[in-house]
Amino acid sequence: MPKMKTKSSAKKRFKLTGTGKIKRKHAFKSHILTKKSKKRKLALTHATLVHKSDENSIKEQLRLK
């Protein structure tokens, strides 16, 4: 049986931390930035963790399960 391929979109968007959590970037930071406040844009810059309820589906896409 051939190897299972990971979803290309998922491998570009998510990274695994050392403790096994999944890191992601914030949305809404690519364009139409003039109407967004500096505080909001700065907050969107930093990476965050994926919510616990979404972890299983992402791990499946990355073929970690």
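The conditions are (1) open to solvent by 70 Å² or more (accessible area, probe 1.4 Å); (2) touching a helix residue (DSSP H, G or I) at 6+ places or on another chain (Cβ under 9 Å), and residue 46 fails exactly one of them. Which is it?
(2)
Tell me which residues, restricted to the range 12-24, are under 9 Å from the mean Cα position of the chain (by Cα) and exposed (fewer than 15 other Cβ atoms within 10 Å of the Cβ).
Of everything in the range 12-24, those that are under 9 Å from the mean Cα position of the chain (by Cα) and exposed (fewer than 15 other Cβ atoms within 10 Å of the Cβ) turn out to be 12, 15, 23.
In the list 41, 36, 23, 29, which residue meets the criterion of being assigned to a loop (DSSP other than H, G, I, E, B) and touching a residue at least 12 places away in the same chain (Cβ under 8 Å)?
Working: 41 fails: assigned to a loop (DSSP other than H, G, I, E, B); 36 fails: touching a residue at least 12 places away in the same chain (Cβ under 8 Å); 23 fails: assigned to a loop (DSSP other than H, G, I, E, B).
Of 41, 36, 23, 29, the one residue that is assigned to a loop (DSSP other than H, G, I, E, B) and touching a residue at least 12 places away in the same chain (Cβ under 8 Å) is 29.
Quick one: count up the residues across the range 28-40 that are open to solvent by 60 Å² or more (accessible area, probe 1.4 Å) and either under 17 Å from the mean Cα position of the chain (by Cα) or of a type outside the set (S, T, N, Q) (or both).
Here the count works out to 9.
The values are calculated or read from the model by the stated rules, or taken from the named source; none is laboratory data. As the structure is a computational prediction, the values presented were derived from the model and not from experiment. Ideal geometry is used to build each Cβ from the backbone, glycine not excepted, and the neighbour counts take in all protein chains shown. Note: areas computed on protein heavy atoms with side chains; ligands, DNA, RNA excluded. Shrake-Rupley method; radii C 1.70, N 1.55, O 1.52, S 1.80 Å.
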